[in-house]
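Since the structure comes first, as structure tokens, the remarks are kept for the end.
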Amino acid sequence: MRFQSVALSAAVFLLAPAIALAAGSDSNNDGRVVRLLVSHGTGGGYDTYARLYGRHVGRHLPGAPSIVVQNMPGAAGVVMTNHLFTQSAWDGTVIALAPGSIATAALFGSTGARYDARDLTWIGSLNSEVAVAVSRSDAPVKKAADLFSKDLIVGGVGASDNSVIFANLLTRLFNAKLRLVTGYKGSTENVLALERGEVQGIAGWSYSSLITMKPDWVQQHKINILVQFSLTPHPDLKDVPTILEFARDDEQPRVAADRAKELRDAFDATLEDADFKSDAERMRIEIVAPLHGAQVDSLVRDLYQAPPGRIKEAATAVGGS
């Protein structure tokens, strides 16, 4: 259960107050426009995925509505999800894209999360995301084993961001010698800190974002990829250990059913859309083992049904209350 939670928290989702895309709506929306909220700022990986999806999904929805993308960054998706949950109507004319960590924010004790993930309508996950821990090539930590014998200064955003969650996981469960510096306003600023040498690494960085934002860092070996947070290795990272190799032990949606089905069907159709696939390939955006809405919903409910002791252990490991 512990590692299933880790895998989910790294995924890229579409929600609707029914999609790790989420959907709600504004009361004055007549259905000709669907707003797509994005949990992070412009220019990063989540924004790139959202704009790719937004260019194609409209033609698979009834009436072929226009899709308007709106960035709403803050607290790794919690700010956006709170807005979606408390201020949007629940008719599917507002959807959202966020990291999978929004599914566990409230469960793990985030005081800012004012929603229940089980009440969202989960439309699907565009990518079975893999997060990685990386270090600069000039850092003393060169490989996974070094994490437990040498200090590494890593940058972090907020408490619910993967850069902090996975840093805490490595230090609290596996005794990695990480020194976490938090306070960066977003992933772009965190990456700039790494580039400038303010920090030596990032402990939780989406691999798809890494190869989108800084492909030359991988190609030119400017960074070391130390570990991947995944149940199975990414196809590009077969020689990088997964977190499992460090292991020491092992309600109804509030969006109308017909609208939820439309959103989920549109998601599935978009994934099969030839223009969408071509666009993703041109932009070098990963679409690896996506999950359908019902699958994501099942994962979220399984998390909430875990034994309280396991939930508390997981919350402590990632820095929750």
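If you check ASP250, ASP236, ASP265 for being in contact with a Phe, Trp or Tyr (Cβ under 9 Å, 6 or more places away or on another chain), at pLDDT 85 or above and not polar (S, T, N, Q), only one passes: ASP236.
Residues in the stretch 159-200 that are crowded, with 22+ Cβ neighbours inside 10 Å and among the small types (Gly, Ala, Ser): ALA159, SER160, SER163, ALA167, ALA176, SER187.
Considered as a group, the residues in the stretch 59-76 that are within 23 Å of the chain's Cα centre (by Cα) and modelled with pLDDT of 85 or more include one that is farthest from VAL164 (Cα to Cα), and that residue is ILE67.
Out of the residues in the stretch 201-249 that are aliphatic (A, V, I, L, M), in a loop (DSSP other than H, G, I, E, B) and over 18 Å from the mean Cα position of the chain (by Cα), state the one that is surrounded by the most Cβ atoms within 10 Å (Cβ to Cβ).
As a first pass, look at the stretch 201-249 and keep what is aliphatic (A, V, I, L, M): 202-203, 210-211, 213, 218, 223, 225-227, 231, 237, 240, 243-244, 247.
Still in the list and also in a loop (DSSP other than H, G, I, E, B): 231, 237, 240, 247.
With over 18 Å from the mean Cα position of the chain (by Cα) added as a condition, the list becomes 237, 240, 247.
Numbers: LEU237: 16, VAL240: 21, ALA247: 12.
For the stretch 201-249, the residue satisfying everything is VAL240.
Scanning the stretch 121-151 for residues that are farther than 20 Å from SER230 by Cα and under 24 Å from the mean Cα position of the chain (by Cα) yields THR121, TRP122, ILE123, ARG136. Among the residues of the stretch 260-292, those identified as surrounded by fewer than 20 Cβ atoms within 10 Å (Cβ to Cβ), of a type in the set (Lys, Arg) and part of a helix (DSSP H, G or I) are LYS261, LYS277, ARG282. Look at the stretch 198-218: where a residue is in the same structural domain as LYS143 (by TED's automatic domain parsing) and of a type in the set (S, T, N, Q) and a partner is surrounded by fewer than 24 Cβ atoms within 10 Å (Cβ to Cβ) and at pLDDT 85 or above, sitting 6+ places away or on another chain with Cβ atoms under 6 Å, you get GLN200/ARG136; GLN200/ALA139; GLN200/ILE153; THR212/THR48.
Residues that are at pLDDT below 85, polar (S, T, N, Q) and either surrounded by 19 or more Cβ atoms within 10 Å (Cβ to Cβ) or assigned by TED's automatic domain parsing to the domain that holds LEU299 (or both): does the stretch 28-41 have at least one? Within the stretch 28-41, one or more residues are at pLDDT below 85, polar (S, T, N, Q) and either surrounded by 19 or more Cβ atoms within 10 Å (Cβ to Cβ) or assigned by TED's automatic domain parsing to the domain that holds LEU299 (or both). For the condition at pLDDT 90 or above and under 30 Å from LEU210 (Cβ atoms), PHE276 qualifies.
The values are calculated or read from the model by the stated rules, or taken from the named source; none is laboratory data. Here the structure is a predicted model, which is why all the values come from computation and not from measurement. Counting neighbours? That spans all protein chains shown, and the Cβs are built from the backbone with ideal geometry, glycine included.
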